[in-house]
Each structure stands twice: as structure tokens, then as C-alpha cells.
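The values are calculated or read from the model by the stated rules, or taken from the named source; none is laboratory data. Note that the structure is predicted; figures quoted are calculated from it, not measured. Glycine also receives a Cβ, built like all others from the backbone with ideal geometry; neighbour counts cover every protein chain displayed. Note: accessible area is taken over every heavy atom of the protein model, side chains too, but ligands, DNA and RNA are not part of it. Shrake-Rupley method; radii C 1.70, N 1.55, O 1.52, S 1.80 Å.
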Amino acid sequence: MTTRQTVRISSRKQPQQARSTELVAAILEAAIQVLAKEGATRFTTARVAEKAGVSVGSVYQYFPNKAAILFRLQSDEWQQTTQMLRNILDKTDIAPLQRLRTLVHAFIHSECEEAQMRVALNDAAPLYRDAPEAVEVRAAGQQAFETFMLELLPQVPEQTRALACDLILTTLSSVGKDFSGSPRTAAEIAIYADAMADMFRAYVNALNHL
């Protein structure tokens, strides 16, 4: 039986000076453009280097392979989304159900804005999806929502709350992906997000009154 080798996706080193920070930023911007134009299957380190106007060796100073570049793009997107959600969920002066509604609107809007890039990154996901670094980044977002669920369902048994957390997150992700697959107007996004928030509110209220 063969052992599956884990691809290294961690950056080789972090930029320490302004010049190196600018270089990494240029590489990542070039990577976004190459991914959008060529897709995941034709995405290569050489194309990124050419687009950034630097040598392949310069790219390899910071990224050991194309999987590392793609993971950095995905990681940045995950972290931005997680921070956006935390900014909403941490406003404890606002009622939990209202925060959930705001979260749904922000998430669906974000999915529609980033649909093209998300599809391309999803195609590339097999390169890094199971790597420890990817698992760690996703876990941070999961933890933030699990903490919020304690506010949303304070008296519900832990097992039921865990199921509700998984169901809401899975629905958000799956439905958001499907809905953002076609161009949407701001009005369509608002109507759809409101309907989803209403559905979640009814579910949460039902669980709280069991």
C-alpha cells in the first residue's frame, strides 16, 4: 500500500522588509490574475512569475510550489471571511438572532462578489484541502461560530447545538455557492438572504422552545 505524500503548502519564509513585502504582494496579485484567466488546471508558477515580472527563482524564495501560492490565496480569503464574521458575531450588544441575520446577508453578498475567484480556488482545492495548514485555518472559523451558537442556543443540549451549528454552516456554504453561481442584483441578494435568515430564525426558535 502506498502512502499519500502531503504537499508542502507553507510559505518558505515571511517577508521582513518593505521591498520583499511588495514582491510577495506583486506575486499574489499576479497569481489572482493568472487564476482568473487560466483557471486552476493551467495555473503554473512560471505563468505567475511572468505576470508579476519577476524570475521564477524569486517566486520560489517565498512559495515552494504552485499549491503554496494557491493555498495562500485561499487562506487569505478564508481569513478575511472569518474576520468579517467575527466582527459581526462579537457585537454582543446586538441580539443573537439579529447578528445571525446580518451574518447571512454579509456572507451571501461576499459569495456573490467573489464567485469567479471562489470557483477557481475550489477547482484547485484538491492540491491543499487536506493539508494541516488548511485544516487549521478552517477550524478557526468553525470555532468562532461554535462560540456564537452558545449565545444563540444557551439551553439546548450540546449534541443538538452541534448539529444546528453544522447544519447552518453547511447550508450557508452550499446554498451560497449555488446562488452565487449566476450573476445577481443587489435586490436579489437581499431578498434571498432575508429568506434564508428567516428560515434559520424559525429553526433556532423551534429548538429554543423544545
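A few comments on the model shown:
- Surface exposure of the chain, expressed per residue as accessible area with a 1.4 Å probe, stands at 58 Å².
- Phi angles of segment 21-35 translate, via the Karplus equation with coefficients 6.51, -1.76, 1.60 and θ = phi - 60°, into HN-Hα couplings of 5, 5, 5, 4, 4, 5, 5, 5, 5, 5, 4, 4, 5, 5, 4 Hz per residue; Gly and Pro are given as x.
- Using R0 = 22 Å, the C-beta based FRET efficiency linking A162 and Q79 works out to 0.35.
- Only lysine pairs 8 or more places apart or on separate chains count here, and in the chain those with Cα atoms under 23 Å apart total 6.
- For K51, net neighbour charge (Lys/Arg +1, Asp/Glu -1) across residues whose Cβ lies under 14 Å away: +1
- FRET efficiency estimate (nearest 0.05) - Cβ-Cβ, A195 to E114, R0 22 angstrom: 0.55
- For the chain, the residue among A124, T82, V137 whose Cα projects farthest onto the positive side of the dipole built from Cβ charges is A124.
- Three-way shape label, segment 70-208, alpha-carbon gyration tensor, a/c 1.5: oblate
- Using 0.36 nm per residue and subtracting the Cα-Cα separation, the extra length available between E151 and E38 on full extension is 36.3 nm.
- Virtual spin-label span in nm between D178 and N122, 7 Å along Cα→Cβ: 1.1 nm
- Most mobile listed residue (R42, R19, R72) in the chain, GNM with C-alpha springs under 10 Å: R19
- Relative to the longest principal axis of the Cα atoms of the chain, the long axis of helix 186-208 lies at roughly 50 degrees.
- Unit charges on C-beta of K, R, D, E only; dipole of the chain, Debye: 700 debye
- Computed from the C-beta positions of A202 and Q142, the FRET efficiency with R₀ = 35 Å rounds to 0.90.
- Helical content alone sets the calculated 222 nm signal of the chain at -24000 deg cm²/dmol, taking -39,500 (n - 2.57) per DSSP H segment of four or more residues and averaging over every residue.
- Peptides 25-35, 189-199 ordered by packing proxy, namely the average of other Cβ atoms within 10 Å per residue, highest first: 25-35, 189-199.
- Dipole of the chain computed with +1 at Lys/Arg Cβ and -1 at Asp/Glu Cβ about the Cα centre; of I168, L153, P96, farthest Cα towards the positive end is I168.
- Split the accessible area of segment 70-208 by element, probe 1.4 Å, and carbon with sulfur accounts for 55%.
- The label point for D130 and the one for R19, both projected 7 Å from the Cα toward the Cβ, are 4.2 nm apart.
- Potential extension, I94-A106 segment - 0.36 nm per residue separation minus Cα distance: 2.7 nm
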